[in-house]
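Step one of this worksheet: look at the structure below.
The values are calculated or read from the model by the stated rules, or taken from the named source; none is laboratory data. Nothing here was measured: the structure is a model prediction, and the numbers come from that model. Every residue, glycine as well, gets a Cβ built from its backbone with ideal geometry; the counts of neighbours run over all protein chains shown.
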Amino acid sequence: MAGIRRSPFHYTSIHKAIKRLPEGFQEEAMRILAAMTSNNPIISG
């Protein structure tokens, strides 16, 4: 995909890891992940 930087982790792996967290941490982890992905520009790499 041109213009999209590939992450070393697949999004489903990250989602599965977050689902293993205690319930109180899941929302915060998702918020942080959303902030990280929305603040990073999409670059080719």
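Suppose the filter is modelled with pLDDT of 70 or more and among the polar types (S, T, N, Q); does S44 pass it?
no
Does any residue in segment 16-28 that is surrounded by 11 or more Cβ atoms within 10 Å (Cβ to Cβ) come within less than 9 Å, Cβ to Cβ, of a residue that is assigned to a helix (DSSP H, G or I) and of a type in the set (G, A, S) six or more places away or on a different chain, and which pairs are these?
Close Cβ pairs (under 9 Å, with a partner that is assigned to a helix (DSSP H, G or I) and of a type in the set (G, A, S)) amount to A17/A29; I18/A29; L21/A29.
Looking only at segment 6-41, which residues are over 13 Å from the mean Cα position of the chain (by Cα) and modelled with pLDDT under 70?
P41 - this is the single residue of segment 6-41 that is over 13 Å from the mean Cα position of the chain (by Cα) and modelled with pLDDT under 70.
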